[in-house]
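Remarks on the structure that follows.
Please treat every number below as a calculation from the coordinates, not as lab data. Everything numeric here is computed off the predicted structure, so don't read it as measured data. Cβ atoms come from the backbone with ideal geometry, glycine included; neighbour counts cover every protein chain shown.
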Amino acid sequence: MISKAEMQALVGHTFPGGSCEIEHWENFLLTEATGSEPLPDDLVHPIHLFHVPIAGVGTSIAELFSLAQADSDASVTIDYYDWEFATPLREGVRYSVTGGVTEHERKLVENGPTVDSLTFRIELFEEAGEFAARATFRWHFWRFER
Amino acid sequence: MKATVGEAIPDWSLDRVSPERMRTAAAIFRDPNPIHWDPEFARERGLEGGRVVNQTPLNVAYVVNMLIAWAGSTCIRRLRLEFPAPVFDEDRVVAGGRVKTVSNERGIELAECDVWLDRDDGTRAVAGVALVALPESGPSDVAR
């Protein structure tokens, strides 16, 4: 099992960063998957603040699992999401994206698994540098091997 | 549009959480976890009938849809949500909310609301707080 020190060392890790643009097809299909009609005026459904920051900052869900040495794809659960919107996201707008790992906590469950909790924070900015949105989320990585 | 403390936000419901929609979401999210799209994997994990688990962001989206139907497409300023229980395919879910506080920030009316998502058996799957900007008139569009 990955050591507590190795996990703690992930705090301060920054992702490569980059940029993203949400295309119409993606917004249409994902909005439909939520059970909603498409939103007007090229507005992007807020659900995109889940995966767009992850892709835009230059990583992926699989890479986040790997970064924390997840036991398996099914050993990761979500503690919370905190999504902030300074402005609604829109199709066809290019956002620059930065972010990284901000916190780690390890808990030991007596006669049970160990859980490492990592907090990620990723921010989107419009082309002129204006802050657009922030996704902060904490995932639990369950370790069943001692 | 005015909101009052204690006001209930109209419910938003989805009669059937669809595994097909989960697959669409998994592909767009690039989410490798088979618990969202492989019934056999779900069965091996002890989930009765091989029912797959809805992606948490989709559960968030149902809460979002409720807020948009109430206050319009650009209303959401902040969402902080926790997830006490999963939602499975074929579940019926209902999103609800209630206004906690109302304030005015630089001329914009803001409502802080308790929000949630319940399964039809009464299990709470999502719970948290939303900060919503209220439009000057009613919502101009509706998320059904």
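Observations, loosely collected:
- Cα-based shape type of the range B:24-69, given that a ≥ b ≥ c are square roots of the gyration tensor eigenvalues and the cut on a/c is 1.5: oblate
- Taking amide H positions as modeled 1.01 Å from N, with prolines and chain starts lacking one, the residues under 5 Å from B:E109 and 5 or more places away or on another chain are B:L134.
- Charges were assigned to the Cβ only: +1 to each Lys and Arg, -1 to each Asp and Glu. The resulting dipole of chain B about its Cα centre is roughly 340 debye.
- With eigenvalues of the C-alpha gyration tensor scaled by 5 and rooted, the range B:1-120, Å: 33, 14, 11
- Inter-chain Cβ neighbour count for B:75-87, averaged per residue, equals 4 (cutoff 10 Å, partner chain atoms only).
- Counting charges near A:S60 (Lys, Arg +1; Asp, Glu -1) among other residues having Cβ under 15 Å from its Cβ returns a value of -2.
- The trypsin sites (Lys or Arg not before Pro) of the range B:1-94 meeting both criteria, a DSSP state outside H, G, I, E and B (loop) and at most 16 other C-beta atoms within 10 angstrom of the site's C-beta, are B:K2, B:R16, B:R30, B:R45, B:R92.
- C-alpha long axis of helix B:19-29 to longest principal axis of chain B, angle in °: 70
- Sorted on the mean count of surrounding Cβ atoms within 10 Å across their residues, most packed first, peptides A:104-112, A:29-37, A:74-82 read A:29-37, A:74-82, A:104-112.
- Amide H partners (placed H, <5 Å) of A:L89, local residues excluded: A:V44
- Per-residue mean of C-beta atoms belonging to partner chains within 10 Å, peptide A:39-48: 6
- Against the main long axis of the alpha-carbon atoms of chain A, helix A:24-33 sits at an angle near 60°.
- In this Cβ point-charge picture (+1 for Lys and Arg, -1 for Asp and Glu), the protein assembly as shown has a dipole of about 600 debye about its Cα centre.
- Gyration tensor verdict on chain A (Cα atoms; rounded if a/c is under 1.5, prolate if a/b is larger than b/c, oblate otherwise): prolate
- Coupling constants for the range A:37-53 follow from the phi torsions by the Karplus curve (6.51 cos²θ - 1.76 cosθ + 1.60, θ = phi - 60°), and in residue order they are 6, x, 7, x, 6, 6, 5, 9, 4, x, 4, 4, 6, 7, 9, 4, x Hz; glycine and proline get x.
- Average beta carbon contacts from partner chains per residue of B:50-57, 10 Å cutoff: 3
- Axis of helix B:56-71 versus longest Cα principal axis of chain B: the two differ by about 30°, to the nearest ten degrees.
- Set of lysines near B:K100 by C-alpha distance (under 30 Å), chain-local residues within fewer than 8 positions excluded: B:K2
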